[in-house]
1. Here's a check for you: in region 205-250, which residue that is touching a residue at least 60 places away in the same chain (Cβ under 8 Å) and small (Gly, Ala, Ser) is surrounded by the most Cβ atoms within 10 Å (Cβ to Cβ)?
2. Restricting the first residue to region 291-314 and requiring it to be aromatic (Phe, Trp, Tyr), which pairs with a second residue that is at pLDDT below 95 and not in a helix (DSSP H, G or I) meet a Cβ separation below 9 Å and a spacing of at least six or different chains?
3. Please go through region 145-195 and pick out each residue that is charged (D, E, K, R), outside any loop (DSSP other than H, G, I, E, B) and modelled with pLDDT of 95 or more.
4. What is the residue count in region 175-186 for residues that are surrounded by 18 or more Cβ atoms within 10 Å (Cβ to Cβ), farther than 12 Å from Thr153 by Cα and either touching a Cys at 6+ places or on another chain (Cβ under 9 Å) or not charged (D, E, K, R) (or both)?
5. Which numbered condition trips up Ala284, out of (1) touching a His at 6+ places or on another chain (Cβ under 8 Å); (2) modelled with pLDDT under 90?
6. Residues being in a helix (DSSP H, G or I) and free of Cβ contacts under 8 Å to residues at least 12 places away in the same chain: count how many of those fall in region 251-261.
7. Looking only at region 209-267, count how many residues are closer than 30 Å to Leu18 by Cα and hydroxyl-bearing (Ser, Thr, Tyr).
Amino acid sequence: MSLDVSVVIPTYDRAPYLRRTLDALEDQDLGRARFEVIVIDDGSHDATPDVLSAPRPYSLRALRQENQGPGAARNAGIGCASGAIVVFIDDDVIPSRELLGKHLRAQEEAGAAVIGTMLPPPDAGRQPVWAEWESRMLRKQYDDMLAGRWAPTPRQFYTANASVPRDALVRAGLFDPSFARAEDMELAFRLQDLGLPFRFVPDAEVVHDTPRSFEGWLRIAPQYGHYDVVMWRDKGRTQILGNVAREYRFGRHRLLRAAARIAIGRRAAMLAVRVGGSGAIRVADFVGFHRAALAACSAVFNLLYWDAVCSELGGRAAWWRALEREGQGSDRPAHAPAR
């Protein structure tokens, strides 16, 4: 059967959230005969099989594999996809009614790596402060792209809401399953190498209502730091450290840079950042110092990210040499901010 769109969703131990995502796909304004949904259960231990066995008014295909990570899961979904267009969403988003139609129309206008919008929950009360901080960082990227300050790049390719022609994914070689984080950005660079344009479609919307804990959020920055260096060192993405250097020099407050001088690459100091910064975020949020809590989130995230880059480069001396070398000749910040 030939379909227009294949929706690929990896999932792991998020049965209630997955059910909500699949429920929302029942309301798509794109005709149900024009899309299929492929869910890859990446070794879940919860009620995910029960969620996937429930009848749906659209074509739902359920695959199961031993836990191998989101890249391998998405590759399995792409491998059996029938649609000419693959739409990637995550198991913790609620797609808008027009989502698939918006992606399809954008792809029909010109095949591209299409980037949609992730919105915070509108009616679930205030998010945890770390989730709100993520939402604000995304909103800033969206606003900058809409204002034309810079065009979308692989660094904005988030597979919580994105689409790509299936043949381009195959030609690019699919996701690298060795990446446990930033696998979407690594693939996006290879799509760019093929000449595929990147397009931001702001009204292709999902609500991102994540169950991520504070401890889970703390793990994200070091993972991005590690894999950014892997892409720079092993994948030939020489621009990545240049972006890090420019963002450090131009895009971060001088007090944060001073803290980095003291803490980056020093185990005891970074433990103090992790413990003390985490406590500051929680206390400031609890007592209602909301702006201070958000500022603390930004400081902790950046310091954890830089420390992971430093560690992967080989230590403090290598980190500062890289910043000086990559920042030479830079007179303005990077156009596309880091995650």
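The values are calculated or read from the model by the stated rules, or taken from the named source; none is laboratory data. Keep in mind that what you see is a predicted model, and the values were worked out from it rather than measured. Methodologically, a virtual Cβ is constructed for each residue, glycine included, from the backbone with ideal geometry; neighbour enumeration extends over all protein chains shown.
1. The selected residue is Gly225.
2. Tyr305/Ala338; Tyr305/Arg339
3. Arg166, Asp167, Arg171, Glu183, Asp184, Glu186, Arg190, Asp193
4. Within region 175-186, residues that are surrounded by 18 or more Cβ atoms within 10 Å (Cβ to Cβ), farther than 12 Å from Thr153 by Cα and either touching a Cys at 6+ places or on another chain (Cβ under 9 Å) or not charged (D, E, K, R) (or both) number 3.
5. It is condition (2) that Ala284 fails.
6. 5
7. Looking only at that region, the number is 4.
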